[in-house]
Amino acid sequence: MLRSRSQQAYVCWRCLGPSSRKALLPMPMPVPAVLPRRVRSAPTPNMSLAACNWYSASRESSTRQALRLWNAENPPPYKIALEEYASKNAAHILNAGVQSADDLLLELEQSRDASRGPQIYGRDFVDLSSEFNTLQAGDLFEIRSTIWGKSFMAICLGTFNGFDHYYTDGGRWFASKNVDTRFVVRGFISDPVMLKPLIHALPSTSGDPEIMNLLNRTKAGPLRSIGAPLIRKIAAFQLAARQYRQTYGAELATAISKLPADDALLTLSEIAHRLIPSYTKRGKANYPDEILYAVHTALQSDDLRFSPVGQGGRNHVSYLFNVRSPSSRVIYDNVEIMVRNFYEFKPKISPIPQQDNEVVRSNAALFQKFVSEAQEAIDANRSIRTWSPHGMIGINEQKSAVPPSTEFSEPSFRIIKFIEMWAASDAFPRGSPGHALGAAVLRAIDRYEDAPFLDTTTGWTFLQEIGWVTPWDVQSRHSLRLPGIELDRRGGLVVPKDPKPVELAPDLLAPLRQDFAESTIYCIDAESATDIDDGVSIESAGDGEHWIHVHVADPASRIRPSTELADRAARLSQTTYLPGHHERMFSDDVIRDTFSLAPNRPSLVFSTRVSESGDVTGYKITPAVIRNVVYITPENVSAICGEADKLTQVPLDSFEVGTPPMQRTPLNRKMAKAEELSEQQLAELQTLSRLSKVLQQTRLKNGAMPVYMPRPRVEVSLEHVEVETAANGFLSCRGDPYIRISYQDSMGSDMVSSLMQTAGQVAARWCFDRDIPIPYRIQPLAKQNHDALRELTQTVLYPQLLEGKHPPMDQVRTLNMLCGGHDISTSPSIHFTMGMDMYTKATSPLRRYCDLLVHWQIEAALLEEHRRESSLASEKEEVEMATATPPYSLFTKSELENSFPQLRVRERHSKMLDNVNGNTEYILQALVRAWRFGENSEKLPSTFRFTVSEVARKAASGRLNWFGQFAQLSQSHLDCLGTIGDVNVGDVFEVELVDVIVPSRTIFVRALKKIDPRDEVGGGDLN
């Protein structure tokens, strides 16, 4: 839902005066002239109070009288709802609007911020859509309202003109583009004939959002009689699931005792395996859908312990839950008791029974002690840093720090850990009582009276003010953290200290390695790169053909899959590049010093034989040793090879706050310049560039995306900040980081990008020929939607990219839908936006765990070929993929598939942190520091150009011409310019900033006037 920043205070109905309250009372019902016989002797309005009491007592049974007497003698402890003392804006805290639960279906098109959808920033653009579901006609799925605690089930009828059409278990039709679901039964309706009557009765298949929203609001749709067969089928499924839940109620109720004691990432199937007897599988590999849905619904009852973290694949079987340890529930329950007792005891709202008085008094005193400690820490911090409502505290203008002198008690630590779960880790879904509890804690502290809402944004600010996190920390680090990874609150991760040095196994491929002493290997990376994963070389093959060799670091040859090194790499999934929090997948320097490409080090070489016209006539994979290495930057290669004339130029816009760093990171290798290369080396680079272009032309003919939009990236320096950690773990922070925003090319050097893709294609083809299961990168629906993809990309989407324009979000979403998102699979399939029939990633095993998996599988096959002295390549047709895993593979097909759910989510979360959420939070930190705190404010435009990319019922979203940042324009901020209904995609407004919320990565703007798209306003950079 779009966040409202209204300042209107919420007023509890109990606080209304008698005249105001009267308006809330129901209208009196008319009294019938003749009462039914059974109530003729009921008490009358003129009956005395004593008579009424006598009447009531005389009508009660002896049992009821005894119960009433017992209740009078044993009154229950006084309890009121947390919401009543949560906040003056409790309605916001609980997301309790005035709409009915049925209106949930009408708000689905606003369920996701546009900035969190698919974005064309690189060839893995769909990886960034963490909640994307590719529902197909006939799929059954659940929609759960976290606001109302109600769920619906619906069947997908298909996609028409960009809108997905659905039919619910209640006989409602609706259309949407943004349905997020936690449970899917693929192919629930296997016979398309069953769907045809409903499809023919659809009120419209228009692609016009205004028409579809109107039809949704008016509850138009097919007659219930037409959808009756589907309703009955859904009802039968739900009934079976309820029966299973009743049958295994005890097992589901004791889930805590059967699940891991520590935080864990488990699929729905893995959880079911721990709770439900295996004989219910009925001899099949997986549990029946009805049982899985019974488990799924049971988990929803504890939204703290079981938190869904994203679709693990295109099947509910692999949907993942972050299963939190029982200690998280203990912390929550303990804090709730303290908060409740504090509010109940302090105002003496109601008499407290004598036997409970001391317990309540003790809990209230513990919480009051926390309040005093928090107030002391906040007041001390505000002497050097001002508070702000933007989810970040002010800059440290005095360049001084307040030592964390406050000594928090042990119960106070529990409260802080709860706030961390709530505001940092996003442990509670919308509508959870946890939000009211967090707001109640903040209200008691009595330091946030100026906060618009006592929500997670204010909670995150509280953690900054008491020194639990740094003022520049990135909230996404905490919310995207997965089990097995411990954050260092100072920055980065907590790396386990192993007292023993890293021990590497012997090189298994040593006898197979070919010496590339005669070749120059060009490692093309930025000067700042530390792990050099890949390099390229070229060799003449005669007849006008060349061998292009891509040399890749080879840690797989000496790191075994069962070691602690491999386990930690699997948990991290890839190197984290978030500025200020950089963490290598292999943190030990021994790994870098042994495998990062350098003279006399091992490599695995992916070779392609290619003609001058781009025809691939051969490929192979060879273990090798490299000797002659030239390190050179992409910029120098582009200059040498004439790559400067790119289709989309990178804008030169930049913006910075803070003091630039004085120190320069020393280089760990000598970087070559163009004038230092020999003529042969220059010629080799130019030949590599020329051949890479013809290879890319082949991919473009197959539908590959021709260009990717430059994206804004941040450079962060902590050189001028100091962070001290007190004995109790709290942080004292001096200074502020330097943040510089600029654009960078999403793909780097064109030549390197093309050749790395070629190497991935070689790895995929080589493994496919040998039936070796690996994580292929696929777009699941691209093959079946090939013609539609061709039409969309060639006539609509790609022309805009070639003109340097961001396509509207609707078009990007349609592309993503037709491709089926981006997935990994043990079976290859086409990757349309890369123009390849099959593809895997294999060129970064020092930085990506999936690449390491591919290397392990390839090297096991190389050893087997060496043993047999013959190739393992089969002579089968491509379509005949063998089901059995070769005995020499380190991982079977099923073992890989079982690991994919975690790999998918861990990899996706890392990408989200590095490329989207974390990067955006830093950009918004810089924006707030300039806009609100005056740092370099003269370089910040006073107004901006806002181009609408999507229109929902209550707001429009679009991009600002300031580093392409997404913003939201609500009805209340359109002023006199009309209504949201008058706004169309492509409209351009001159706007000013209204609010910036850093943790939620949200900018709110106010429209000043509608302008011509050609007018220059504000920053003027690429929009």
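Report relative contact order for the range 581-651 in percent, whole number only (criteria: Cα-Cα under 8 Å, sequence separation at least 6).
24
The residues packed around Glu251, meaning those with a beta-carbon under 11 Å from its beta-carbon, carry a net charge of +3 if Lys and Arg are +1 and Asp and Glu are -1.
Placing dummy labels 7 Å off each Cα toward the beta-carbon, the span from Lys500 to Ala201 is 6.9 nm.
Just so you know, the Rg over Rh for the range 596-730 is 1.07, from Cα atoms, with Rh as the Kirkwood radius.
Measuring against 20 Å, Cα to Cα, the residue pairs Lys177/Lys954; Lys939/Lys1010; Lys841/Lys911; Lys233/Lys284; Lys805/Lys841; Lys369/Lys417 contain Lys939/Lys1010; Lys233/Lys284; Lys805/Lys841 as the ones spanning a longer distance. Taken over the C-alpha atoms, the range 137-275 has Rg and Dmax values of 17.7, 52 angstrom. Restricting the calculation to Cα atoms, the range 240-311 shows an Rg/Rh of 0.93 when the hydrodynamic-style radius is the Kirkwood one.
Surface composition of the range 697-792: carbon and sulfur make up 42 percent of the accessible area, probe 1.4 Å. Inter-part distance, the range 912-976 to the range 176-242, computed on C-alpha centroids, equals 37 Å.
Using equal-weight Cα scatterers in the Debye expression, the normalised intensity of the range 700-779 in log10 at q = 0.23, 0.27 Å⁻¹ is -1.16, -1.24.
State the extension gain, in nm to one decimal, for the chain segment bounded by Gln686 and Glu803, taking 0.36 nm per residue of separation less the distance between their alpha-carbons.
Length gained, Gln686 through Glu803: 39.4 nm.
Given R0 = 22 Å, the distance between the Cβ atoms of Glu724 and Glu486 translates into a calculated FRET efficiency of 0.60.
Where a ≥ b ≥ c are the square roots of the eigenvalues of the C-alpha gyration tensor, would you call the range 173-229 rounded, which needs a/c under 1.5, or, failing that, prolate if a/b is larger than b/c, or oblate? Oblate, because a/c is 1.5 or more while a/b does not exceed b/c.
Roughly to the nearest percent, how much of the accessible area of the range 183-287 is carbon and sulfur, given a 1.4 Å probe? Working shown, then result.
Numbers: 3230 of 5790 Å².
Of all accessible area on the range 183-287, carbon and sulfur atoms account for 56 percent.
Partners of Lys701 within straight-line reach, counting aspartates and glutamates whose Cα lies under 18 Å from its Cα and excluding those fewer than 8 residues away in the same chain: Glu612, Asp615, Asp750, Asp787, Glu791, Asp837.
If you add up the charges near Ser425, with Lys and Arg at +1 and Asp and Glu at -1, over every other residue whose beta carbon is less than 11 angstrom from its beta carbon, what do you get? Before the final figure, lay out the partial values.
Values: positive: Arg324, Lys417, Arg477, Arg481; negative: Asp263, Glu420, Asp426.
Charge balance near Ser425 sits at +1.
Averaging the Cα positions of each part gives two centres, and for the range 574-599 and the range 506-569 these lie 16 Å apart. How high is the relative contact order of the range 615-685, in percent, counting Cα pairs under 8 Å that sit 6 or more residues apart? This gives 52 percent for the range 615-685. Once every Cα of the range 815-866 carries one equal point scatterer and solvent is ignored, give the base-10 log of I(q)/I(0) from the Debye formula at q = 0.21 Å⁻¹, two decimals. Summing over Cα pairs of the range 815-866 leads to -0.88.
The values are calculated or read from the model by the stated rules, or taken from the named source; none is laboratory data. Note that the structure is a prediction, hence the values are computed from the model and not measured. No Cβ is skipped: glycine too gets one built from the backbone with ideal geometry, and neighbour counts run over all protein chains shown. SASA here: full protein model, heavy atoms, side chains in, ligands and nucleic acids out. Shrake-Rupley method; radii C 1.70, N 1.55, O 1.52, S 1.80 Å.
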